[in-house]
Amino acid sequence: MPSAHRFTRRAAMKLAMLLLALLVAGYLVATRVNINPAHAPGDPLDAFNGVSVYYNGAINHVSGRLTTPGGYNLGLRYQCVEFVKRYYYERFGHEMPNSMGHAKEFFAAKVADGALNRERMLLQYRNGAASVPREEDLIVFAPWAFNRYGHVAIVSAVGPDFIEVIQQNPGPFGSSRERYALEQQGRRVAHDRVLGWLRRP
């Protein structure tokens, strides 16, 4: 009986290890391999105010770094950060003092609501505080289990009870546009990972 018990435990351990290996392999494929045959990285998908959104493929795929002729770093090509920084650069000529950082780092937790985020030279507003999102605000999402870097997008439309965002790199089958409901008289985006938004002074 004890030997049968050991065999059962050993089989269970092997099965658990196999499942873990399959999970890790699946995650790596899903985040690093383009599984959408309809598009290749760099394909234009959308545009807002003349600034294009490009397809990235797998969320963690990288196609090199994009810089301006003057050397300003726009970010890793076709990632979400590259789009929002390129949007602000092409639309407003805006260069951020801190030209580096993952999406989650665009929202500085220590900056008071409505105060200047000096690393981005943009006013920062907390989700659910006093400010209502406006078109062309840069909106910041916290990290989650399948994306430890967070996410950023541009507010492309504001309605009485919703906002629409335009984004780059939402995943191989994600949409470049998404809508979220507004709560608290428009001051809160009804999405648990929205930290807040940034706006030109």
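The values are calculated or read from the model by the stated rules, or taken from the named source; none is laboratory data. What you see is a predicted model, and the numbers here were worked out from it, not measured in a lab. Every residue, glycine among them, receives a Cβ derived from its backbone with ideal geometry; neighbour counts consider all protein chains shown. Just the protein is used for accessible areas: all its heavy atoms, side chains included, with ligands, DNA and RNA removed. Shrake-Rupley method; radii C 1.70, N 1.55, O 1.52, S 1.80 Å.
Side notes on the structure shown:
- Subset of segment 136-180 [touching a residue at least 24 places away in the same chain (Cβ under 8 Å) and among the small types (Gly, Ala, Ser)]: Ala142, Gly150, Ala153, Ser156, Gly171, Ser176
- Of everything in segment 80-107 that is of a type in the set (Asp, Glu) and not in a loop (DSSP other than H, G, I, E, B), the residue that is most open to solvent (accessible area, probe 1.4 Å) is Glu90.
- Selection count, segment 140-168, where residues are modelled with pLDDT of 95 or more and under 22 Å from Val62 (Cα atoms): 13
- Taking segment 56-79 as the range and being closer than 14 Å to Gln167 by Cβ, modelled with pLDDT of 95 or more and open to solvent by 10 Å² or more (accessible area, probe 1.4 Å) as the test, the residues that pass are Tyr78, Gln79.
- For segment 30-45, the tally of residues that are touching a residue at least 12 places away in the same chain (Cβ under 8 Å) and open to solvent by 40 Å² or more (accessible area, probe 1.4 Å) stands at 10.
- Some residue of segment 101-111 being over 20 Å from His151 (Cβ atoms) and either within 20 Å of the chain's Cα centre (by Cα) or modelled with pLDDT of 95 or more (or both): yes
- Selection count where residues are assigned to a strand (DSSP E or B) and surrounded by fewer than 19 Cβ atoms within 10 Å (Cβ to Cβ), scope segment 154-181: 9
- Checklist (1) within 24 Å of Ser52 (Cβ to Cβ); (2) open to solvent by less than 20 Å² (accessible area, probe 1.4 Å) applied to Arg134, failing item: (2)
- Residue check, Ala142 open to solvent by less than 40 Å² (accessible area, probe 1.4 Å), among the aliphatic types (A, V, I, L, M) and more than 27 Å from Pro44 (Cβ to Cβ): yes
- Conditions (1) in a loop (DSSP other than H, G, I, E, B); (2) of a type outside the set (Ser, Thr, Tyr); (3) in contact with an Asp or Glu (Cβ under 9 Å, 6 or more places away or on another chain); number of the one not met by Val62: (3)
- Members of segment 109-131 that are surrounded by 19 or more Cβ atoms within 10 Å (Cβ to Cβ) and in a loop (DSSP other than H, G, I, E, B): Val111, Arg120, Asn127, Ser131
- Single residue of segment 46-55 satisfying the filter (surrounded by 19 or more Cβ atoms within 10 Å (Cβ to Cβ) and over 11 Å from Glu82 (Cα atoms)) that is farthest from the chain's Cα centre (by Cα): Phe48
- Scope segment 182-193; condition of a type outside the set (A, V, I, L, M) and surrounded by 15 or more Cβ atoms within 10 Å (Cβ to Cβ); matching residues: Gly186, Arg187, Arg188, His191, Arg193
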